[in-house]
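Below you'll find the structure, written out as structure tokens, and then a few comments.
The values are calculated or read from the model by the stated rules, or taken from the named source; none is laboratory data. Just so you know, these numbers come straight off a predicted model, no measurement behind them. Heads up, the Cβs are rebuilt from the backbone with ideal geometry, glycines too, and the neighbour counts pull from every protein chain shown. SASA here: full protein model, heavy atoms, side chains in, ligands and nucleic acids out. Shrake-Rupley method; radii C 1.70, N 1.55, O 1.52, S 1.80 Å.
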Amino acid sequence: MIRPGQIAKGTCLIWKGEPYMVTEREFVNPGKGAAFVRVKLKNLRSGSVLRETIKTSESVEEADVFDRDAQYLYADDSVYNFMDAESYEQFTVGRNGLEEKVFYMKEGETYRIIMWETTPIDVSVPLKIVLEVTEADEGVRGDTVTGATKPVKTETGLEVRVPIFIKQGDKILVNTESGDYVERVNQ
Amino acid sequence: MAQLRARVIAETRKFFDQRLYLEVDTPLLAPALIPEPHIEVFATEHRNPNGNADAGVATTRRGAARFLIPSPEVWMKELLTAGYGNMYQLSHCFRNAESTGPQHSSEFTMLEWYTVNADYMDSADHTDALLEHLASELTDHRLPRPAQLSADRIRACRPPALRLSVSEAFERYAGIEAGAFDGVERMREAAASAGLSVRPAGDESESYDDLFQRMFLTFVEEKLPADRPVILTDYPAAVPTLAEQNPDTPFARRWELYLAGIEVANCYSEERDPDRLRSYLQYAEEAKLRALVPHPAAKGLVAFSSAPACSGVALGVDRLLMVFTAAKDIREVIFSTTFGIFRSPQADRGSE
């Protein structure tokens, strides 16, 4: 059991007998009422989304999740194929629920996979990753109002606004939480 | 940000001074407080070198107990009882043990004002006037325009506020009918059919108050319009407060102001009935037995029954600044060396 005050984004809970992951969390102290945590929960089996508000003085059952390292192999129509780094067992993770994370998954790289019982439920991506720029217009005059940036496309399909000196083939560091350009990487 | 903060405070003073409200400046430390079951306080003590505790004041092992005020209400109500009439105060306030979040700081600045011979809807008019005053003064083109001011947000703060009762809001935004407010059983049925997890029928351990708050927070609050001020009126009287009850209805004469979706102020037609004041004190003192930081109750509250009829508003100044500047975190608008003075939003992205 955990206290609702410890609930964070990514916490997995058993709620009404079903496993859920917290996708949004906000503490509310109305002052005239008790303190609550307002959450959006994603069902780990069906992907359906539930909104709840839980009193922080209650307790909630935590889902027993663990992680394993696995290499990302390739994507099919609706699933991502991985191989366990130790047992070499192959398994898939559904596209449903990964959302923008797919832009931060590179074939051949190893990621932490979050497991609930025998079901892989989420992929954990590092806070910052290096991506290669695959499409960039040369000589675009930057939008001077926003500080001279232009949009480019990276190897994973992610579009990023970058400074105008970035060229096709450059490697750039991207923040996976905000999707923002951090810096050019020399390697 | 420092200049904008100063201007908002100066314009607020000008607004009330022009209307002949008395500015008061009451202590931040109090020996006893009006108990609020859902607010935790900071406790300290006054150490008297002669070893004598103050007469009639709770003592700790080392001295006379003192508490940092969670709002200046305890003092301002004494002044109202003493006949000082319309008054306002800009005061630092302290709340302990609140979950940290972008809209909460354990120390914050509150604007609190009381208007005598007025009720909560009169205060709603004054609030519209205050918002109009601030919006027009801050955008006065003869003065330098503060860089942080968000033009969209100032537009969204222009009165008149949309006035909507809580039961209308439940119906409009969540399709929950007014019958849900007729007692805990009906509220629980409404919560269950809206999809909240509730205790089985017959299990009375979840109060009407908690059920109402969960319904409001899950289905209504986030749907309130963000492009204009909203004054949400007539909360269920079953949520215990010091607001008067609207006779013959299950609702209390109180409202909360939402700006850009953020709760910024609340207002009561202040309860003066001596029996109801006493029963509130009794309820709140009992609830306070479970508090993390217990404190003595300000019994003088019962004397408020001899004060003139009045309406009081408490408005969070920092939250108002957050709204005006579209700041995402209250620490961006508060002077603080702990957080870095006027912390920039990028400073610790990802720490949440």
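In peptide B:209-218, how many Cβ atoms from other protein chains are near each Cβ within 10 Å, on average?
5
Would you give the gap between the C-alpha center of the range B:235-256 and the C-alpha center of the range A:1-61, rounded to a whole Å?
So the separation of the two Cα centres works out to 29 Å.
What average count of beta carbons from other chains do you get within 10 Å of the Cβ of residues in A:19-32?
Details: counts 0, 0, 0, 0, 0, 0, 2, 6, 7, 10, 10, 9, 13, 16.
For this peptide, the per-residue mean of nearby foreign Cβ atoms is 5.
Among the listed pairs A:Lys171/B:Lys223; A:Lys32/B:Lys299; B:Lys14/B:Lys77, which are separated by more than 31 Å between their Cα atoms?
From the list (A:Lys171/B:Lys223; A:Lys32/B:Lys299; B:Lys14/B:Lys77), the Cα-Cα distance tops 31 Å for A:Lys171/B:Lys223.
Using only protein heavy atoms and a 1.4 Å probe, how much accessible area in total is buried between A and B, to the nearest 100 Å²?
Working: alone 11070 and 16770 Å², together 25490 Å².
Its buried surface, counting both partners, is about 2400 Å².
From the phi angles alone, apply the Karplus equation (6.51, -1.76, 1.60; θ = phi - 60°) to the range B:313-319 and give each ³J(HN,Hα) in whole Hz, x where the residue is Gly or Pro.
10, 10, 10, x, 5, 5, 5
If packing is taken as the mean number of other Cβ atoms within 10 Å per residue, what is the order of B:171-181, B:257-267, highest first?
B:257-267, B:171-181
Once every DSSP H run of n ≥ 4 in chain B is given -39500 (n - 2.57) and the sum is divided by its residues, what mean residue ellipticity at 222 nm do you get, rounded to the nearest 500 deg cm²/dmol?
-9000 deg cm²/dmol
Report the trypsin sites (Lys or Arg not before Pro) located in the range B:91-155 that are in a DSSP loop and have at most 16 other Cβ atoms inside 10 Å of their Cβ, or state none.
B:Arg142
Enter the mean number of other protein chain beta carbons within 10 Å of the beta carbon of each residue in B:100-112, as an integer.
That average works out to 1.
Counting only heavy atoms of protein chains, what accessible area per residue, in Å², does the range A:65-124 have with a probe of 1.4 Å? Display every interim value, and only then the final one.
Details: 3350 Å² over 60 residues.
About 56 Å² of surface per residue is accessible.
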